[in-house]
Amino acid sequence: MAKHVAVIGGGITGLTAAFYLQKLAASSHLDLHVTVIETKDQFGGKVETVHRDGFTIERGPDSFLKRKKEALELVEALGLGDQVVSNHTGKSYILKSGELHPIPEGSVMGVPTQLKPMLDSGLLSEDGKARALNDLILPQLPEYEDMSVGDFFSARLGEEMVDHIISPLLSGIYAGNIYKLSLAATQPQFINVERDAGSLILGFNGKQPKKKTSQFATLTSGLGTLIERLVDSLDARLLRGVTVSRIKRENHKYELILNNNEKITADMVVSAVPNDISANLFSDAAYLKRENADPNTSVATVAMAFDKDDVTLEKEGTGFVVSRKEPIAITASTWTHLKWPHTVPEGKALVRCYVGKAGDDAIIEQSDEELIATSLQNLSGVVDFKKDPHFSVVTRWREAMPQYPVGHKLWLAEIQDKLPHDYPGVYLAGASYDGVGLPDCIRQGKGAAQKIIERIKTGT
Ligand SMILES: Cc1cc2nc3c(=O)[nH]c(=O)nc-3n(C[C@H](O)[C@H](O)[C@H](O)COP(=O)(O)OP(=O)(O)OC[C@H]3O[C@@H](n4cnc5c(N)ncnc54)[C@H](O)[C@@H]3O)c2cc1C
């Protein structure tokens, strides 16, 4: 008999789950029906591309990491391989005390693989450099399960290093408080290096990352194309503008109650929505509610279009991130026309700013005009503009950036242990759980699909 899977949430995770459910069911000759339910009028979640006056503007993610293969694999499976474009490499900077400093060459998430660039850098005071060098002689950290990224790096390399180099490099991904962010869940590779070598600097010594190779990729027509192609490829029931309000467990099946009063019965469910929503839908699983986690951080992106001749960059490069101690609202700026030249028409420039961080995210409720003015003001001295932007695209992402607190991996293990008993056939996936980047979300969506197919095949 045909099985029915309901996928809640039509972001990249949910759509990927639906795509692989169909693909794997077809290759195993299984009769499977899929329904995707998305609360907004459009699919894609945080992935949204705007096309205007020849510009391709991303409201959310602008690219994906090539090293994690799941995104490229999906792109290929959708026949979009010829659209893949890699970023132009160039210098990127950290803004500290109003000045742009190059990210020290050869550093791995801020950790030096060679000493000279760190010792030459204007990002650290002489005391800060001496403190970082203490990493070479300090004893190994006592055994621990997890600790915050901030505590770990400040214990090894000192607070200055955390404030001015490591935190800014991570803030674009998590926009959270680095002193609450789980090391084990977000940067586990450093744990092993410290354990094996007794020092981060020694552990990375000479392991210089290859210079000038592009790490990121996107699609020539924008990441929205990935969403469109996924949706087009689905032979599923697709519901937009419909919210799953409640879920009841009935005789080994699930009844999803929608806000349009429709009821959908499913054998299995992929819940690909932010965790606070899953926690409400699956309320018997009390462990889904997180007591020790900060709320997701809200951020805004401000993309501003100019004539290239009207924009003067103080230094050549592709953009900058901002020191934790800098008293400004933006946390990063990408000079998109230089990093992704295909996204702008000839002779034009696109400057994108990120606004909002943990503890200071109410700012995103400013009006569009205020956010644009704040961005331009925060850029002054670093980027000079002769004229106002031709147009701007401002996007607010409320409570959008999941925070992985210390102990996050233990929490994931608890879910893995208990959920199959409490809600058999329900799979949670997406940015709240096992990685926030697009390749991580794609891996989780695919993983949920694989587990469901396995469950059907084995009749469990
Ligand atoms: C500004 C910004 C920039 C980013 N930049 C990058 C980047 O460059 N590279 C990168 O790899 N990652 C980046 N990320 C992270 C990445 O975009 C996200 O982690 C990822 O898109 C999340 O996908 P998801 O499907 O898990 O969740 P979402 O995209 O949040 O999708 C969940 C969907 O569920 C829907 N939903 C919620 N509740 C219900 C309900 N009750 N019923 C039905 N539907 C519901 C929502 O409307 C939403 O569409 C960025 C994120 C942001 C916000």
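The values are calculated or read from the model by the stated rules, or taken from the named source; none is laboratory data. Every value quoted in this text rests on a predicted model; they were computed, and no experiment measured them. Every residue, glycine among them, receives a Cβ derived from its backbone with ideal geometry; neighbour counts consider all protein chains shown.
Observations on the structure shown:
- For the criterion of being modelled with pLDDT under 95 and either in contact with a Ser or Thr (Cβ under 6 Å, 6 or more places away or on another chain) or over 19 Å from Lys66 (Cβ atoms) (or both), Gly176 passes.
Yes or no, residue by residue, for (1) surrounded by 13 or more Cβ atoms within 10 Å (Cβ to Cβ); (2) closer than 22 Å to Phe320 by Cβ; (3) within 20 Å of the chain's Cα centre (by Cα); (4) of a type in the set (Ser, Thr, Tyr):
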position	(1), (2), (3), (4)
Asp53	no, no, no, no
Ile57	yes, yes, yes, no
Asp62	yes, yes, yes, no
Ala71	yes, no, yes, no
Leu74	yes, no, yes, no
Ala77	yes, no, no, no
Gly81	no, no, no, no
Ser86	yes, yes, yes, yes
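- Odd one out for Pro327 among (1) touching a helix residue (DSSP H, G or I) at 6+ places or on another chain (Cβ under 9 Å); (2) at pLDDT below 95: (1)
- Residue match in segment 300-312 (condition: among the small types (Gly, Ala, Ser), within 12 Å of the ligand (Cβ to nearest atom), surrounded by 24 or more Cβ atoms within 10 Å (Cβ to Cβ) and more than 30 Å from Val406 (Cβ to Cβ)): yes
- Residue match in segment 197-209 (condition: more than 16 Å from the ligand (Cβ to nearest atom), small (Gly, Ala, Ser) and over 19 Å from Gln114 (Cα atoms)): no
- Residue tally, condition farther than 20 Å from Trp397 by Cβ and touching a residue at least 60 places away in the same chain (Cβ under 8 Å), over segment 275-289: 6
- The sole residue among Gly90, Gly44, Gly110, Gly122 that is of a type in the set (Gly, Ala, Ser) and within 16 Å of the ligand (Cβ to nearest atom) is Gly44.
- For segment 256-267, taking the residues that are under 22 Å from Glu454 (Cα atoms) and of a type outside the set (A, V, I, L, M, F, W, C), the one that is surrounded by the fewest Cβ atoms within 10 Å (Cβ to Cβ) is identified as Thr265.
- Taking segment 168-197 as the range and being part of a helix (DSSP H, G or I), aliphatic (A, V, I, L, M) and out of contact with any Phe, Trp or Tyr (no Cβ under 6 Å at 6 or more places or on another chain) as the test, the residues that pass are Leu169, Leu170, Ile173, Ala184, Ile191, Val193, Ala197.
- Test: Thr218 is under 27 Å from the mean Cα position of the chain (by Cα), under 26 Å from Pro420 (Cα atoms) and modelled with pLDDT of 95 or more: no
- Residue match in segment 369-387 (condition: outside the structural domain of Arg249 (by TED's automatic domain parsing), of a type in the set (Lys, Arg) and buried (at least 19 other Cβ atoms within 10 Å of the Cβ)): no
- Meets criteria (surrounded by 19 or more Cβ atoms within 10 Å (Cβ to Cβ), in contact (Cβ under 8 Å) with a residue 24 or more places away in the chain and not in a helix (DSSP H, G or I)) for Thr218: yes
- Selection of segment 413-460 for residues being on the phi > 0 side of the Ramachandran plot and modelled with pLDDT of 95 or more yields Gly425, Gly430, Gly435.
- Within segment 423-438, residues that are farther than 15 Å from Ile8 by Cα reach partners that are within 6 Å of the ligand (Cβ to nearest atom) and assigned to a loop (DSSP other than H, G, I, E, B) with beta carbons closer than 7 Å, at six or more positions or on different chains, in the pairs Leu438/Pro61.
- Within segment 68-167, helices (runs of 4 or more DSSP H) holding 1 or more residues that are without any contact (Cβ under 8 Å) to a residue 12 or more places away in the chain and over 28 Å from Asp434 (Cα atoms): 115-120, 126-133
Here is a yes/no grid of residues against (1) within 30 Å of Pro345 (Cβ to Cβ); (2) of a type in the set (D, E, K, R); (3) within 8 Å of the ligand (Cβ to nearest atom); (4) not assigned by TED's automatic domain parsing to the domain that holds Leu256:
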position: Tyr20; (1), (2), (3), (4): no, no, no, no
position: Leu30; (1), (2), (3), (4): no, no, no, no
position: Glu48; (1), (2), (3), (4): yes, yes, no, yes
position: Phe55; (1), (2), (3), (4): yes, no, no, yes
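- Val321 being assigned to a loop (DSSP other than H, G, I, E, B) and surrounded by 18 or more Cβ atoms within 10 Å (Cβ to Cβ): no
- Filter result (surrounded by fewer than 20 Cβ atoms within 10 Å (Cβ to Cβ) and β-branched (Val, Ile, Thr)) within segment 88-129: Thr89, Val108
- 2 or more residues more than 16 Å from the ligand (Cβ to nearest atom) and polar (S, T, N, Q): qualifying strands (runs of 3 or more DSSP E) within segment 346-460: none
- Each residue in segment 248-283 was checked for being outside any helix (DSSP H, G or I), at pLDDT 95 or above and away from the ligand (no atom under 11 Å from the Cβ), and 15 of them qualify.
- Options Leu100, Leu136, Leu141; residue that is touching a strand residue (DSSP E or B) at 6+ places or on another chain (Cβ under 8 Å) and of a type outside the set (Val, Ile, Thr): Leu100
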